[in-house]
1. If you go through the stretch 62-72 one residue at a time, do you hit one that is basic (Lys, Arg) and surrounded by 12 or more Cβ atoms within 10 Å (Cβ to Cβ)?
2. Taking only the stretch 1-15 into account, find how many residues are charged (D, E, K, R) and at pLDDT 95 or above.
3. Would you please list the contacts, defined by Cβ atoms under 6 Å and residues six or more apart or on different chains, that run from a residue in the stretch 1-14 that is within 14 Å of Thr92 (Cβ to Cβ) to a residue that is in a strand (DSSP E or B) and hydroxyl-bearing (Ser, Thr, Tyr)?
4. So, in the stretch 92-118, of the ones that are touching a residue at least 60 places away in the same chain (Cβ under 8 Å) and closer than 18 Å to Trp137 by Cβ, which residue ends up surrounded by the fewest Cβ atoms within 10 Å (Cβ to Cβ)?
5. Quick check on my filter: what residues within the stretch 7-17 are under 20 Å from Leu58 (Cα atoms) and outside any loop (DSSP other than H, G, I, E, B)?
Amino acid sequence: MIETRDYHGRPVTLRDGTEVRSGDRVVELHLANRGVAGDATGEAWTPFQTLRKTRADLALVERLVQRGSLGPVRALHAVSLIAPALGRLGFTIVPLDQSARSRVLRFYLVGLLAIYHPDGWRGARHARERAWPYEAWMSIPELARVTRAP
């Protein structure tokens, strides 16, 4: 799921040099556990399936951006426990600070993972013990480059 919104926060410089500032319009990506990971507990599943599916979804977002369907936007943004893996697709990865707000967000994200994992809390053990939420950012020019790459 995606939505557009105005960014409110400190300036963020992305890996291609694009700077996102407060007031810039961004596409907020909501990563659905089942949609992104598929059947992660199946024997045939690999993390590369998740990356391929995410790349295909990014291509759709890129087409919407190019058509102007989302209005003028500066970058894509997501917050996730799996954001570090998105770095392989060209996202700039930024860990959230150790604030009370981030701790509540982490609790929420781990809870979502437990809900969607077939083994519940047991399946979310690694995330409960080690995962921390990160922001994932990608500029619109980087989005075009990534989705047009072979």
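The values are calculated or read from the model by the stated rules, or taken from the named source; none is laboratory data. Bear in mind the structure is a predicted one, so any value in this text is a computation, not a measurement. Every residue, glycine as well, gets a Cβ built from its backbone with ideal geometry; the counts of neighbours run over all protein chains shown.
1. No.
2. Of the residues in that region, 2 qualify.
3. Leu14/Thr92; Leu14/Ser139
4. Within the stretch 92-118, the match that is surrounded by the fewest Cβ atoms within 10 Å (Cβ to Cβ) is Val94.
5. Passing the criteria: none in range.
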